[in-house]
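Computed from the coordinates by the stated procedures, all read-outs in this text should not be read as laboratory data. Not measured: the values here are computed from a predicted model. Cβ atoms come from the backbone with ideal geometry, glycine included; neighbour counts cover every protein chain shown.
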Amino acid sequence: MTERAEQPLALVTGGASGIGEGCARILLEKGWRVVVADIRAEAAQATADRIGAAALTLDVTDAAAVEAVAQEAEARFGPVDALVTSAGVLQPPTPPEDFALADFDAVVSVNLRGTYVTAVAFGTRMARRGRGAIVTIGSITAVRAVPLHAYGPTKAAVVSITQCLAADYARSGVRVNCISPGFVATPPLQAAIARGQRDPRLLTESAALGRFVAVEDVGRAAAFLLSDEASAITGINLPVDCGWLIGAHLGTYGGVRPARGGA
Ligand SMILES: NC(=O)c1ccc[n+]([C@@H]2O[C@H](COP(=O)([O-])OP(=O)(O)OC[C@H]3O[C@@H](n4cnc5c(N)ncnc54)[C@H](O)[C@@H]3O)[C@@H](O)[C@H]2O)c1
């Protein structure tokens with residue numbers, strides 16, 4: 001990472017892979033300095049080396065470790081101006097009666113508690129300085145029923161945490177917004193497709209735009225929400241879903257309407 005302290009600094013949890021890596025890469029392109037923070041130390045370092053970021057090891061389920069990383073990041077790189085909380089885990093579509101509570105708790109611990117603990121650790125420091133912005137990563141499953149009985153509720157909670165913290169920090173100069181991606185072909189979704197648990201044709205056909213969301217699509221939305229261009233925006237949940245929320249229910253009417261040709 002360049003050491004030009006006049007460039008703003010962003011930390012991305014879950015930044016070693018997928019959406020977090022995409023956010024980190026786009027922020028770097030937009031002139032931010034970036035710290036990639038991930039539970040997988042080697043992967044975080046490899047991603048950071050590849051894209052030109054710094055790396056820190058972070059387990060968001062360990063509140064003391066999150067606090068220590070917030071201190072270390074600021075001691076080594078300076079005040080963290082922006083945070084993206086992309087650390088998260090998926091779950092298999094197990095029927096609720098077969099879904100072990102220990103597995104439920106594990107999803108809650110990363111997606112819900114981890115997001116809250118991280119946002120508060122960095123948000124508190126931003127609020128004391130009177131400046132900062134946070135983007136949390138929710139999901140379209142926050143607002144539509146899916147057979148993911150822990151994952152979906154954790155994402156609904158992320159939207160709620162976003163709103164609660166946005167209201168709390170607003171007068172302290174800190175904005176907090178959520179991005180809810182649609183289907184992004186990151187390693188966990190690719191693995192589910194490879195296992196035959198998800199059909200890529202159905203995933204893309206039900207989105208109005210007819211394609212997967214790219215990690216860069218989420219990264220560009222995050223870069224906007226973290227920038228001063230979005231200075232009047234706080235507490236929102238922005239779907240970046242290729243129109244899945246408007247397209248999915250059209251199945252009962254024969255599906256998303258075809259192109260009218262001529263292009
Ligand atoms: N892929 C999708 O279709 C999709 C859609 C909507 C939302 N999301 C959300 O986007 C976020 C990123 O998911 P992804 O698809 O890029 O997956 P991914 O597995 O590629 O990336 C997640 C990263 O989080 C890290 N991580 C996991 N547990 C952690 C912990 N306890 N502490 C720190 N880091 C941890 C992983 O090591 C990994 O690098 C998740 O919150 C996920 O729920 C994904």
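Restricting the range 16-32 to residues that are touching a helix residue (DSSP H, G or I) at 6+ places or on another chain (Cβ under 7 Å) and not aliphatic (A, V, I, L, M), the residue that is farthest from the ligand (Cβ to nearest atom) is 30.
The one condition from (1) within 14 Å of the ligand (Cβ to nearest atom); (2) more than 13 Å from the chain's Cα centre (by Cα); (3) within 19 Å of residue 137 (Cβ to Cβ) that residue 197 does not meet is (3). For the range 132-176, the set of residues classified as among the hydrophobic types (A, V, I, L, M, F, W, C), within 17 Å of the chain's Cα centre (by Cα) and more than 15 Å from the ligand (Cβ to nearest atom) consists of 133, 165, 166, 176, listed by residue number.
The set of residues in the range 86-137 that are among the aliphatic types (A, V, I, L, M), more than 21 Å from residue 36 (Cα to Cα) and in contact with a Phe, Trp or Tyr (Cβ under 8 Å, 6 or more places away or on another chain) comprises 107, 127. Every listed requirement among (1) within 18 Å of the chain's Cα centre (by Cα); (2) more than 9 Å from the ligand (Cβ to nearest atom) is met by residue 100 save one, (1).
Where in the range 140-239 are there helices (runs of 4 or more DSSP H), lying fully within it, with 3 or more residues that are in contact with a Gly (Cβ under 7 Å, 6 or more places away or on another chain), surrounded by fewer than 22 Cβ atoms within 10 Å (Cβ to Cβ) and in contact (Cβ under 8 Å) with a residue 24 or more places away in the chain? If you could, list the steps in order and put the result at the bottom.
Working: elements: 151-169, 187-194, 200-205, 215-226.
By residue number, 151-169.
In this structure, does residue 242 turn out to be within 27 Å of residue 122 (Cα to Cα) and touching a Gly at 6+ places or on another chain (Cβ under 8 Å)? No; evaluated as a whole, the condition is false for this residue.
Just a yes or no: is a residue in the range 105-117 touching a residue at least 60 places away in the same chain (Cβ under 8 Å) and over 21 Å from residue 22 (Cβ atoms)? Among the residues of the range 105-117, not one is touching a residue at least 60 places away in the same chain (Cβ under 8 Å) and over 21 Å from residue 22 (Cβ atoms), which makes the answer no.
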